[in-house]
Each structure stands twice: as C-alpha cells, then as structure tokens.
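See structure below.
Only the coordinates and a few stated rules stand behind these numbers; no lab work does. On a predicted model such as this, the values are computed, not experimentally measured, just so you know. So basically every Cβ, Gly included, is an ideal-geometry build from the backbone, and we count neighbours across all protein chains shown.
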Amino acid sequence: MPDSARPKTSILADIHASTRLIHPNKQVPEGFRGVQPAVYRASTVFFESTQAMRQRNWQDDYDYSYGLHGTPTTYALADRIAALEGGEYCILAPSGLSAISLVNFTFLQQGDEVWLPDNIYGPNKDLIKQLKAQFGIEYYLYDPLDVSSFKPTPKAKLIWLEAAGSVTLEFPDLCGLVKKAQAANILTVLDNTWGAGLAFCPFDFSVEHLSVDISVHALTKYPSGGADVLMGSMVTRQRKLHLALLRTHALQGIGIGGDDAERIIRSLPSIQLRYAQQDDNTRQLADWLSQQDCFAHVLHPALPDAAGHAFWQQVCGVSNGAAGLVSVLFKPEFSLEQVDAFCDALQLFKLGYSWGGPVSLVMPYQLNSMRQISPTYNGVLVRFCIGLEHIEDLIADINQALYKLLI
Ligand SMILES: Cc1ncc(COP(=O)(O)O)c(C=O)c1O
C-alpha cells in the first residue's frame, strides 16, 4: 500500500466540523459539585470496551448499561427514597400504579391467592380483578380493622396493606396483620403513600420492630410535592425480593426520565416540612369539620373516634404523623346533586385527583359502589386533600360553600 493510501493511526486530530460537534476534542473536567446532582438523560450508555460490555451484570446496584435501567440521576433518587423509607434497595417506576402493577406481576402466579383490604386504592383492586380473569389469580377482601377476617389458605402468596386506607382513611391493624401474614409465610406489601416514610418506618414499626417485606410509594404525592410529576417506588430490605422486582422491571421495559427524577430530588429536602404543615392544616380542618351539622362522620385517623384510631396510635404514636387527607360523610338527607353543588361552589379547593401538592383538592365519592365488606358508611363522601394554603382561607372556602348548600 502506498504511503498516501495508508489510513492515519488516529483520525481524531483531523475530522470535519460536523463530526467534531458530535465528538468534541475537549472534555470538561469531572469533579464539579453543587447542591443538586447532575441530570443525566440517556437511552444509549457507552461502554469502555467490549470486555466491559460483556461483563455487564444486571444485578449490579448501579448498572450503567442502558438508560432504561438507570442513570446516575435515577440511582441518586432511588438511594434517597430507600433512605426516606428506612429500606436498603429501591426501584423506580413511572407512576405509583406502575409500581403496584410491577409487584403484582412479579410475585403472583396462576393459582395463587392474594388478600386485599376492603379500602384498598381502587385501581389496584381493578388490576387484581383483571389478573383473576386473565391468569386465574384468586383474590379475597379483608376488613383492615379485623385481623380475623384475613384467613389465608396455603395458596395465599401476598397480602396488600394500606395505612391509612384510601378515601375512608381507616388505619388498619397493621401489627396484627403483619404478624399473621409472617406466621403464614405470606409476602407483606404496603402501599405507603400516605405515611410517605414520615408517619412511620415500614421496616421497623411499633414497639415490636415489625417490618413489611416491600413498601410501595406513589412519589407523585409528597415526594414530588408539586403535583407535576408522576412516579412510584418499590423499597425492600431483602436482596432476593429486590432482584425479583428488578428482573420484571427490566423485562417489562419500565424506566423513568432524568428530568422527572431531578424534580423529585429537588423536592425531597422540604418533604418533612411540607408533610408536617399539611398534617397540621388537616387536623385544624378536621376539628372544624367535626363541629359542622351537615356531616354524619369526619374521617381522619388522629380523631379519637376514628375507625382504627388506636392502631394509628400504636404505629404512628412516636411521629404523631397523619398526612394531609380528611374525608367527610354528608348526612343521608343530602343528595348526590347537592354534594356535587357543594364541591362546585368551592373556590380555593379544586376538583381533581391525587394529593401532596400545594393546591388543596376535593373529590366526591359514592361509597356503596366502593366497599364490599364494611358498608357502615351510607351517603356521599367528600375527600379533601390539603395543600399549603393558609388554613383560615380553606375553612372560609368550605364555610361559604356549605352556606350555599343550606340556604
Ligand atoms: C394510595 C395510593 N396509592 C397509589 C396511587 C397511585 O399513584 P399514581 O397516581 O402515581 O399512579 C395513588 C394515587 O392516587 C394512591 O392514592
């Protein structure tokens, strides 16, 4: 080969401008440190060599192999969520519901039996119904306040726990249920969105240091705090469970973006302050609501007459935490139309799902279609999710809407 035809040993010194913009000849030094971690966005992740690529192990705690599995930004968030909940391992999913779904798909097989609290987050129950129809997974409902209603057979694989339960906010007999499930060798999975890792530690609660196996958290709520990000997490202290979840996570192609992770990382330092403020506002509102004539019940676990109040004290007694939700059951003489009109008359409270954000929310529910084994509540229920507005303004808003209802 003539010298003129021989390729250059290194081509990088003399490449075209368009290529140079993709392969810059200068790299900024590493080691920059600010308050927040860098935001990495990636599908492709470079390997140093084919050997490094072949040695890639999906079980590594920080598997830098493909953006779907994780980036430094998403791993940084996962580490913080594990710390928030007192767990060891954390996997992130694009919503709370996708985290719930991933747990169900990982651990439930044809012929298995799963136990659900009567007041479970509705879409989880709907998903399990679908799994029953598609894959023959049997489900049973239990009364969260009565351990004896949880009667696992040898086919029982998993029990879902929720503290406090959705919409009606009964605090379950968490200790009794976990002990019974452990005795029967059943996986305990807690939807810990309400407690958020702040009202109690899911891996070390009550004086008996009880622990669930897996804590699922809709980070959409308090960790985000802005009502503008959807995300979910699965935290555990058990590597075997973590790896089982991680496998499904990879096979189902579940991943989250760096920008969403960064938004939650940014909100986490203030989560405790926000949670405490929303909790305090909610208790003041619950006290005020209790004095109004039109409600048959005010539902909030810290109220002494609340269903499960003693269980709440047993588990949340140390933190005294109770989140930012309160529900009211209108007296039976109020029709659905009247309650809808009350919701529409609110000015600061907005009609919308979710919670944990700065804006207070309201949502009416018809309980008779939602509860199968605890039909003690008749009438229309309204759930308030308390934001960060001044409590006097929120009370004034409800007061004016009630006044319109009563005239
Ligand atoms: C108790 C509970 N768990 C899970 C979820 C699901 O979270 P996401 O909206 O992120 O799917 C919600 C949402 O409202 C919830 O209230």
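Going by amide H atoms built from the backbone, whose H comes under 5 Å of the H on Y139, apart from near neighbours?
V114
Distance between the C-alpha centers of the stretch 224-281 and the stretch 139-208? Whole Å please.
The two parts, judged by their Cα centres, are 21 Å apart.
What does the highest-first list of 207-216, 3-12, 288-297 look like by mean Cβ count within 10 Å?
Going by the mean number of other Cβ atoms within 10 Å, highest first, we get 207-216, 288-297, 3-12.
Among G111, Y75, T193, which residue has its Cα furthest toward the positive end of the charge dipole of the stretch 50-270, with +1 on Lys/Arg Cβ and -1 on Asp/Glu Cβ?
G111
What residues have an amide H closer than 5 Å to that of G387, excluding those fewer than 5 places away on the same chain, when H is modeled at 1.01 Å from N in the peptide plane?
Here the answer is S360, L361, since their amide H atoms fall under 5 Å of that of G387.
So if I place +1 on the C-beta of Lys and Arg and -1 on the C-beta of Asp and Glu, and nothing else carries charge, what would the dipole magnitude of the stretch 231-301 be about its Cα centre? I want it in debye, nearest 20.
Taking the Cα centre of the stretch 231-301 as origin, the dipole is about 620 debye.
Checking the table K331/K404; K125/K151; K157/K221; K221/K331 against a 23 Å threshold on Cα-Cα, which pairs fail?
Listed pairs above 23 Å: K157/K221; K221/K331.
Using only DSSP helix segments of four residues or longer, with each worth -39500 (n - 2.57), what per-residue ellipticity at 222 nm results for the chain after dividing by its residue count and rounding to 500?
-10500 deg cm²/dmol
Between H217, Q182, G253, whose Cα lies farthest towards the positive end of the dipole of the stretch 50-270 when Lys and Arg beta carbons carry +1 and Asp and Glu beta carbons carry -1, centred on the Cα centre?
Of H217, Q182, G253, it is G253.
For the stretch 271-406, with the dipole built from +1 on Lys and Arg beta-carbon atoms and -1 on Asp and Glu ones, taken about the Cα centre, which of Q284, A306, L348 lies farthest toward the positive end?
The residue sitting most towards the positive pole is A306.
Provide the packing ranking of 21-32, 338-349, 299-310, i.e. peptides ordered by the mean count of other C-beta atoms within 10 Å per residue, highest first.
Top to bottom by mean Cβ count within 10 Å: 299-310, 338-349, 21-32.
Please report, in debye to the nearest 20, how large the charge dipole of the stretch 250-402 is about its Cα centre when each Lys and Arg carries +1 at its beta carbon and each Asp and Glu carries -1 there.
Rounded to the nearest 20 debye, it is 440 debye.
Under the classification rounded if a/c is under 1.5, otherwise prolate if a/b is larger than b/c and oblate if not, where does the stretch 50-270 fall, given a ≥ b ≥ c as square roots of the Cα gyration tensor eigenvalues?
prolate
Please say if the stretch 271-406 is rounded, prolate or oblate, where rounded means a/c under 1.5 for a ≥ b ≥ c the square roots of the C-alpha gyration tensor eigenvalues, and otherwise the choice is prolate for a/b larger than b/c and oblate otherwise?
Taking the square roots of the gyration eigenvalues as a ≥ b ≥ c, the stretch 271-406 is oblate.
Taking the Cα centre of the chain as origin, work out the dipole magnitude from +1 charges on Lys and Arg Cβ and -1 charges on Asp and Glu Cβ, in debye rounded to 20.
Charge dipole, the chain, about its Cα centre: 1400 debye, nearest 20.
Ranked highest first by the average count of other Cβ atoms within 10 Å around their residues, in what order do 312-322, 47-57 fall?
312-322, 47-57
Amide H neighbours of S95 under 5 Å, at least 5 residues apart or on other chains, H built in the peptide plane: list them.
G232
If you plug each phi of the stretch 93-103 into the Karplus form 6.51 cos²θ - 1.76 cosθ + 1.60 with θ = phi - 60°, what whole-Hz ³J(HN,Hα) values come out, in order, with x for Gly and Pro?
Taking θ as phi minus 60°, the curve returns 9, x, 7, x, 5, 5, 5, 4, 4, 5, 4 Hz for the stretch 93-103.
Taking a ≥ b ≥ c as the square roots of the Cα gyration tensor eigenvalues, with a/c under 1.5 meaning rounded and otherwise prolate when a/b beats b/c, else oblate, which class fits the chain?
prolate
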